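As structure tokens, the structure follows; a few thoughts come after it.
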Amino acid sequence: MDILNALVAFLNFVFIPGVAYGAQLALGALGATLIYSILRFSNFAHGDTMAIGTVFVILLTWGMQGAGVSFGPLPTALLALPFGIALTAMLLLATDRVVYRYYRRVKAAPVILVMASLGVMFILNGVTRFIIGTSDISFTDGERFILTAGDFRTWSGLAEGLAIRTTQGVTLVVAIIAVAALFWFLQKTRTGKSMRAFSDNEDLALLSGINPDRVVAVTWIVAAALATTAGTLYGLDKGFSPFTYFQLLLPIFAAAIVGGLGSPIGAIAGGFVIAFSEVMVTYAWKKVVTYLVPEEMAPSGLLQLMSTDYKFAVSFVILIIVLLVMPTGLFKGKSI
Amino acid sequence: MSKIMAEPFLIGEAMTGGYGGADILHACTIAVDPGQIAVIVGPNGAGKSTAMKAVFGMLTLRAGSVRLKGEDITALTPQARVAKGMAFVPQTSNIFTSMTVEENLEMGAFLRRDDIRATMEQVYTLFPILRDKRHQAAGELSGGQRQQVAVGRALMTQPSVLMLDEPTAGVSPIVMDELFDRIIEVARTGISILMVEQNARQALEIADKGYVLVQGANRFTDTGQALLADPDVRKSFLGG
Amino acid sequence: MSGAQMTSQATSTGPGRGLLLAAFVAALFIATGLFQSWTLALLIVNMALISSIMALGVNIQWGYAGLFSVGTMGFVALGGLSVVLISSAPAPGGWAAGGAGIVLGLAMGAATIAAAVMAASKMGPGRRRTVVVAAILIIGFFLFRAVFDPAVQAVEANNPATDGNLGGLGLPVLLAWPVGGLLAAAAAWAIGKAALGLRSDYLAIATLGIAEIILAVLKNEDWMARGVKNVISLPRPVPYEVDLQRSQGFVDWALSWGFDPVTASSIVVRLMYTGLFAVVLLALIALSQAALHSPWGRMMRAIRDNEVSAEAMGKDVTRRHLQVFILGSAVIGIAGAMMTTLDGQLTPGSYSPLRFTFLVWVMVIVGGSGNNWGSVLGGFLIWWLWVMVEPIGNWLMVVITSGMADGWLKAHLINSAAHMRLLTMGVILLLVLRFAPKGLLPER
């Protein structure tokens, strides 16, 4: 029985990856939930918005690297991020002007807006491939590890190593800053409050003199910031490929729905629920269990509940369970 | 009523129209003066709420006009009328349920860029219970308290006209009396009140002016007391 | 052209409009035959027929009933699976190695789910029910894995280079088409039970997820259809080109008409597929039209147009939705089986939601949701475009960049032309949604 080594193995293979992935999903789900609660449709183009935002960041990063700009031990992409957000925001505002605004004017049913978002999804996906191709791209630089497994072993004398990659640390810190900024914005600023009011009761918001066009524009800008940040962090951590981002749509919406579609806190909680479930169900527990049980009882199999190829199934099953048990999600979401 | 009387502060005159389709209002006239309470009563489907919404610009009029302080505002959107000093409390969905009481009041004052604290203080003085609950989500309050939030939100624009669509719908008689008392208080500060009410008798008691509508047209128009005393009105609309 | 003009154009319909559009699409295919090759034109026609059937299935779900299901890819894949299960040769070695274990494992899995569902419906809500259901599922899962895993390993170890699976039943491949429909219908029943009745956004996400899961199963459960190792050379319902070329009678016939026997053989084979597919499409259209104009179809549309009032009138909306969801999915499953038959192989790695779900949706919306013939028109038009956009894009890029100096940008632009497809489809979808929301052939 070796609790310490078991704990370290758990932290190293389950907890830290889960936290990083959860933070990335939470940021993605926040964007989707925000668009849902204010613009009142499920934006199927959100995954591809993350992709194209990340493409902007990658291009800017390459430009900065070419010009010799560096962020020391941190990834250069963080320096490029604000500019990537600005470009993505402009793109989304243009999309709204060309595509979505018309449907708001004619008060189209939400499902028509979802269809329109399918069209936008196709276009963004095509543009992403057009600009950067379909191959996997790694764009992280700087120091690779905050803590290497070897250093940890030397320091602790344990057999198990604990490694924290820079991208994992960066993900957590940036996500915390982004979420804190978002909540401050929504709770404390006049514009943020007006967005919440608009989401809560559109007619009354109009009666109170809240300008809907402004609320919509700010929503797209905030969504661009969240999507680009989420996409960049995911790309730094796991590499960029256009198709993966499209597939992120599923866990992101699962997170948003599990948390309660329309609830920002719910989106964060949902992101971590989905991320940890995925990691824990697809992790081979053999190592951890071997430390915990007497030697003669050591497991022979991998003790993996499901192969990693079924990680979508995990988000999906949780989604269905939550919908059947708590139709409005963990935190009461809004239903229109 | 004599023709010599000055133009009322707010008047919807000879309003005809509906929500597309057939007309609901037929040359209906509603008016109110500063500090007065005007009440619209009538049987179900008489077009009471429609008349009020017409005054507020929520439906397009085919004929007639709406004037505020002598200015023709018929073509203005509801939002523009809010900017002109009109405030409207819808019958349902009249608060931001997920926001705190204080945030509801702040949103009411969204158009104002000056210091709103004095107005908020006035609202809290008028509805003391709201001060105690100001950090609570408005959706968690009782029916009567929610109506107070709704009225408070509308007062935050410092309106010259406050329009209430059935403010006492679904609240207990005690709460209703309390709400009416508050509405009288509001009127005393010089604000014109235009109100649609289902509880005709109680509403007419506090009304300076009453409008009895039937099928979208004016049937009786007089002071509240006079209408209460009118045997025809009593028989047909007040249950004897 | 201004928006108002196009909208008014879209609303003025008549039989002439449909014929005109059909003639236009036919002209596209004839032009492809004349200027490129007839084999290519027929290849596109065959996939267009299959796409039309998929679009028909989506139209049944969306156009008839307003169900926003984006799980099309999953049903297409299930249809493909049925071709392997029905028509490929059995693998006796695989069955001997672990066939019994797999069957027993699957039966136990099904029993576990059935027991959990039964417990959930029999017991009153409460903590006890949650615990019991969870216990059944967890214990059942581990028992299932204990039986299933070794059997799978044994099967997959059997001759992995060519088999590694249980193989199929070795039955005629045409039988796989209805079976594909049944397989898809069964999956749709299970999904519908869980997800119908949810709000439309939730149904969309749920079906999107199901499709990914079905694909993941196909990719990873090698014992079934060899996963990403693919099952190739599936039997055909039509003769092979080489056999025709070897047949003296065919060669003489081709030469007597002045055809090159090699080209003639491939054209004849493709025409045979065209005939088969056209028969299926016409039969399904006939059935769909009959259903649409039956009292059932009218009720379906009544529910779609006003769910609340239909429910108030005592219609069991969820049950009707389940019916229509299953029917539409079955049609998509048939199309999926036909596609795998045409390809002669099952390649789970090649399925993507953009191609098999959202492209089919574009077909339905462009064609005109609610109109069966619109789905066919959309299927032909959009499939032709999907195939042709790439060469057209290439040509465009070559023209655009012809004035440029050779270099990085020019090479990048020419290489990127391949990605014009998605872009074009997105633009077409948005233009149709905006300017002709009822599609080219609006519902009558």
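The values are calculated or read from the model by the stated rules, or taken from the named source; none is laboratory data. This one's a predicted model, so the numbers in the text were calculated from it and none came from an experiment. We place every Cβ from the backbone using ideal geometry, glycine too, and count neighbours over all the protein chains shown. Only protein heavy atoms, including side chains, enter the accessible area calculation; ligands, DNA and RNA are left aside. Shrake-Rupley method; radii C 1.70, N 1.55, O 1.52, S 1.80 Å.
The residue that is most open to solvent (accessible area, probe 1.4 Å), counting only those in the stretch B:191-217 that are part of a loop (DSSP other than H, G, I, E, B) and touching a Ser or Thr at 6+ places or on another chain (Cβ under 8 Å), is B:Gln198.
The residue list C:Asp201, C:Asp163 contains one member that is acidic (Asp, Glu), within 30 Å of A:Gly301 (Cα to Cα) and open to solvent by less than 50 Å² (accessible area, probe 1.4 Å), which is C:Asp163.
Within the stretch C:126-147, is even one residue in contact (Cβ under 8 Å) with a residue 40 or more places away in the chain, in a helix (DSSP H, G or I), open to solvent by less than 90 Å² (accessible area, probe 1.4 Å) and farther than 23 Å from C:Ala194 by Cβ? The answer is yes; a qualifying residue exists.
Among the candidates C:Ala187, C:Ala254, C:Ala225, C:Ala206, the residue that is under 27 Å from A:Val258 (Cα atoms) and modelled with pLDDT under 90 is uniquely C:Ala206.
Among residues of the stretch A:200-226 that are part of a helix (DSSP H, G or I) and modelled with pLDDT of 90 or more, those with a Cβ under 6 angstrom from a residue that is open to solvent by less than 30 Å² (accessible area, probe 1.4 Å) and aromatic (Phe, Trp, Tyr), sequence gap 6+ or separate chain, pair up as A:Asp200/B:Phe96; A:Ala205/A:Phe198; A:Val215/A:Phe198.
Only one of the listed residues (B:Gly143, B:Gly85) is away from chain A (no Cβ under 13 Å), open to solvent by 10 Å² or more (accessible area, probe 1.4 Å) and touching a residue at least 24 places away in the same chain (Cβ under 8 Å). That residue is B:Gly143. In the stretch C:405-440, the residue that is farthest from the other protein chains (Cβ to nearest Cβ) out of those that are modelled with pLDDT of 80 or more and assigned to a loop (DSSP other than H, G, I, E, B) is C:Leu440. Residues that are of a type in the set (Phe, Trp, Tyr) and more than 10 Å from chain B (Cβ to nearest Cβ) were ranked within the stretch A:179-220; the one that is surrounded by the most Cβ atoms within 10 Å (Cβ to Cβ) is A:Trp220. Scanning the stretch A:234-288 for residues that are among the aliphatic types (A, V, I, L, M) and within 26 Å of A:Ile123 (Cβ to Cβ) yields A:Leu236, A:Leu248, A:Leu249, A:Leu250, A:Ile252, A:Ala254, A:Ala255, A:Ala256, A:Ile257, A:Leu261, A:Ala267. Considering the stretch C:338-367, and only residues there that are more than 14 Å from chain A (Cβ to nearest Cβ) and not in a helix (DSSP H, G or I), the residue that is nearest to C:Tyr240 (Cα to Cα) turns out to be C:Gly344. Restricting attention to the stretch A:315-336, the residues that are more than 10 Å from chain C (Cβ to nearest Cβ) and touching a helix residue (DSSP H, G or I) at 6+ places or on another chain (Cβ under 7 Å) add up to 7. Being away from chain C (no Cβ under 14 Å) and open to solvent by less than 70 Å² (accessible area, probe 1.4 Å) is the filter; apply it to the stretch A:127-144 and report the residue that is farthest from A:Gly53 (Cα to Cα). Looking at residues that are away from chain C (no Cβ under 14 Å) and open to solvent by less than 70 Å² (accessible area, probe 1.4 Å), I get A:Gly142. Just one of the listed residues (C:Ile102, C:Ile50) is buried (at least 22 other Cβ atoms within 10 Å of the Cβ), assigned by TED's automatic domain parsing to the domain that holds C:Leu143 and of a type in the set (Val, Ile, Thr), and it is C:Ile102.
Among the residues of the stretch C:198-214, those that are in a helix (DSSP H, G or I), hydrophobic (A, V, I, L, M, F, W, C) and within 9 Å of chain A (Cβ to nearest Cβ) comprise C:Ala204, C:Ile205, C:Ala206, C:Leu208, C:Ile210, C:Ile213. A count restricted to the stretch C:297-321 and to residues that are at pLDDT 85 or above and polar (S, T, N, Q) stands at 1.
Filtering A:Ala254, A:Ala267 for residues that are buried (at least 24 other Cβ atoms within 10 Å of the Cβ), at pLDDT 90 or above and at the interface with chain C (Cβ under 10 Å from one of its Cβ atoms) leaves a single hit, A:Ala254. Tally the residues that are in contact (Cβ under 8 Å) with a residue 60 or more places away in the chain and either within 10 Å of another protein chain (Cβ to nearest Cβ) or open to solvent by less than 50 Å² (accessible area, probe 1.4 Å) (or both), restricting the search to the stretch A:96-110. Of the residues in that region, 3 qualify. A residue that is in contact with a Ser or Thr (Cβ under 9 Å, 6 or more places away or on another chain), in a helix (DSSP H, G or I), assigned by TED's automatic domain parsing to the domain that holds C:Phe380 and at negative phi cannot be found anywhere in the stretch C:229-239. Can we say A:Ala284 is more than 19 Å from the chain's Cα centre (by Cα), open to solvent by less than 50 Å² (accessible area, probe 1.4 Å) and without any contact (Cβ under 8 Å) to a residue 24 or more places away in the chain? Judged against the criteria, A:Ala284 is a match. Of the residues in the stretch B:125-132, none is within 12 Å of chain A (Cβ to nearest Cβ), open to solvent by 10 Å² or more (accessible area, probe 1.4 Å) and not polar (S, T, N, Q).
Whenever a residue of the stretch B:103-128 is under 10 Å from B:Thr157 (Cα atoms), its partners that are crowded, with 22+ Cβ neighbours inside 10 Å and of a type in the set (Phe, Trp, Tyr), lying with C-beta atoms within less than 9 angstrom and at least six residues away or across chains, give the pairs B:Met107/B:Phe96. Selection of the stretch C:386-444 for residues being surrounded by fewer than 17 Cβ atoms within 10 Å (Cβ to Cβ), over 22 Å from C:Ile44 (Cβ atoms) and among the acidic types (Asp, Glu) yields only C:Asp406.
Select from the stretch A:117-172 the residues that are more than 21 Å from A:Thr228 (Cα to Cα) and aliphatic (A, V, I, L, M) and list them in ascending order. Once the filter is applied, which keeps residues that are more than 21 Å from A:Thr228 (Cα to Cα) and aliphatic (A, V, I, L, M), the stretch A:117-172 yields A:Ile146, A:Leu147, A:Ala149, A:Leu158, A:Ala159, A:Leu162, A:Ala163, A:Ile164.
Checking each residue in the stretch A:29-85 for being away from every other protein chain (no Cβ under 14 Å), open to solvent by 10 Å² or more (accessible area, probe 1.4 Å) and not in a helix (DSSP H, G or I) picks out A:Ala67, A:Gly68, A:Val69, A:Ser70, A:Phe71, A:Gly72, A:Pro73, A:Leu74.
Filtered by the rule that a residue be at pLDDT 85 or above and either within 14 Å of chain A (Cβ to nearest Cβ) or touching a helix residue (DSSP H, G or I) at 6+ places or on another chain (Cβ under 6 Å) (or both), the stretch C:157-184 gives C:Leu169, C:Leu171, C:Val173, C:Leu175, C:Ala176, C:Trp177, C:Val179, C:Gly180, C:Gly181, C:Leu183, C:Ala184. Summed over the stretch B:161-184, residues that are surrounded by fewer than 18 Cβ atoms within 10 Å (Cβ to Cβ) and either within 15 Å of the chain's Cα centre (by Cα) or in a strand (DSSP E or B) (or both) total 4.
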